[in-house]
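What follows is a single structure, written as structure tokens, with notes after it.
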Amino acid sequence: MEGIHIGKRIREKLDEQGRSVKWFSDKLGCCRDNIYKIFQRKYIDTGLLLKISRVLDYDFFAEYSEYMNNNK
């Protein structure tokens, strides 16, 4: 999906919720360096995206579905 940069979307959602990178790294069980690497990714493993979606209580998969439906 060339139209979605998932790392940027994750960062935006984290910022919208007023959550810190430390909070996010604690919830995902990884170090802050890995969180910053996630923010740089254009693509992400679906298992990790599911975990992130649960932690942030936001359905990132719906963004892909919407993008796909709008760009047929």
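The values are calculated or read from the model by the stated rules, or taken from the named source; none is laboratory data. What you see is a predicted model; the values in this text were computed from it and never measured. No Cβ is skipped: glycine too gets one built from the backbone with ideal geometry, and neighbour counts run over all protein chains shown. Side chains are part of the model used for accessible areas, which takes the heavy atoms of the whole protein and leaves out ligands, DNA and RNA. Shrake-Rupley method; radii C 1.70, N 1.55, O 1.52, S 1.80 Å.
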**Message:** Taking amide H atoms as placed 1.01 Å from N in the peptide plane, list the residues 5 or more away in sequence, or in a different chain, whose amide H sits under 5 Å from that of Arg41.
**Reply:** Gly7
**Request:** Could you compute the FRET efficiency for Lys8 and Met68, with r as their C-beta to C-beta distance and R0 at 25 Å, rounded to 0.05?
**Result:** 0.85
**Prompt:** Carbon and sulfur: what percent of the chain's accessible surface (1.4 Å probe)?
**Reply:** 46
**Request:** Positive end of the charge dipole of the chain (Lys, Arg +1 and Asp, Glu -1 on Cβ, about the Cα centre): tell me which of Leu49, Met68, Gly3 has its Cα farthest that way.
**Result:** Leu49
**Asked** What accessible area per residue, rounded to a whole number of Å², is obtained for the chain using a probe radius of 1.4 Å?
**Response** 67
**For the chain, size of Cβ-based charge dipole, Lys and Arg +1, Asp and Glu -1, in debye** = 240
